[in-house]
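First the structure, in the form of C-alpha cells, and then the observations on it.
The values are calculated or read from the model by the stated rules, or taken from the named source; none is laboratory data. Keep in mind that this is a model prediction, so the values were computed, not measured. Note: ideal-geometry Cβ built from the backbone for every residue, glycine included; neighbour counts use all protein chains shown.
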Amino acid sequence: MSMRSQLNAAGHRRDGLWIAFLLHRLSGVALACFLPLHFLALGLAINGEAKLDDFLRWTADPLVKLSESAVLFLLIAHMLGGMRLLAIESLPWRQRQKPIAAAALLAAALAAIAYMLLGA
C-alpha cells in the first residue's frame with residue numbers, strides 16, 4: 001500500500017466525529033478505572049471515622065480537586081457521547097452533528113471548570 005493510500009485510509013481519524021468517538025471510548029475506560037477507587041473511598045466510611053477523616057483531609061489537596069474536575073469532565077463527556085450515539089442510531093443523519101459534538105465537548109469542559117472554580 002502506498003503512503004498516499006495509507007494517509008487516505010487514516011483520514012477519517014482527523015474528522016471531528018471520530019475524535020468524539022475516541023473521547024467517548026477513552027472517557028469510558030477512565031471512568032471504569034476511577035470507580036474502584038471511588039468504592040474504596042466509600043468503604044473507608046465503614047472501616048471507621050478516623051480513616052474516613054484522614055481520607056477527607058487528603059481530598060482537600062489542590063491536585064485532588066483538579067482531578068475531581070477532570071473526572072467530572074470525563075463523566076459529562078461520556079454521558080453526552082452516549083446521547084450522541086443514541087441520536088445517531090435513532091435519528092436521521094444531519095450535517096449539524098459535528099457542531100453538536102463540539103458543543104457537547106464544550107459543555108463538559110465548562111461544567112468541569114465551573115465545578116473547579118465554584119464547587120471546590
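The set of residues in the range 48-60 that are surrounded by 10 or more Cβ atoms within 10 Å (Cβ to Cβ) and farther than 19 Å from Leu74 by Cα comprises Gly48, Lys51, Leu52, Asp53, Asp54, Phe55, Leu56, Trp58. Within the range 107-120, the residues that satisfy the criterion of being modelled with pLDDT of 80 or more and surrounded by 12 or more Cβ atoms within 10 Å (Cβ to Cβ) are Ala107, Ala108, Ala109, Leu110, Ala111, Ala112, Ile113, Ala114, Tyr115, Met116. Evaluation of Ile100 against the conditions (1) in contact with a helix residue (DSSP H, G or I) (Cβ under 9 Å, 6 or more places away or on another chain); (2) part of a loop (DSSP other than H, G, I, E, B) shows that the sole unmet condition is (2). Each residue in the range 15-41 was checked for being surrounded by 11 or more Cβ atoms within 10 Å (Cβ to Cβ) and either in contact with a Pro (Cβ under 9 Å, 6 or more places away or on another chain) or not β-branched (Val, Ile, Thr) (or both), and 18 of them qualify. Regarding the range 71-83, can at least one residue be identified that is farther than 16 Å from Phe21 by Cα and either surrounded by 11 or more Cβ atoms within 10 Å (Cβ to Cβ) or in contact with a Leu (Cβ under 7 Å, 6 or more places away or on another chain) (or both)? There is at least one residue in the range 71-83 that is farther than 16 Å from Phe21 by Cα and either surrounded by 11 or more Cβ atoms within 10 Å (Cβ to Cβ) or in contact with a Leu (Cβ under 7 Å, 6 or more places away or on another chain) (or both). Among the residues making up the range 84-97, those that are surrounded by fewer than 17 Cβ atoms within 10 Å (Cβ to Cβ) and assigned to a helix (DSSP H, G or I) are Leu85, Leu86, Ala87, Ile88, Glu89, Ser90, Gln97. Is it true that Ala102 is touching a residue at least 60 places away in the same chain (Cβ under 8 Å) and within 16 Å of Gly16 (Cα to Cα)? So Ala102 passes the test. Consider Ala60 against the criteria (1) assigned to a loop (DSSP other than H, G, I, E, B); (2) in contact (Cβ under 8 Å) with a residue 60 or more places away in the chain: it satisfies all of them except one. Which criterion is unmet? Going through (1) assigned to a loop (DSSP other than H, G, I, E, B); (2) in contact (Cβ under 8 Å) with a residue 60 or more places away in the chain one by one, Ala60 breaks only (2).
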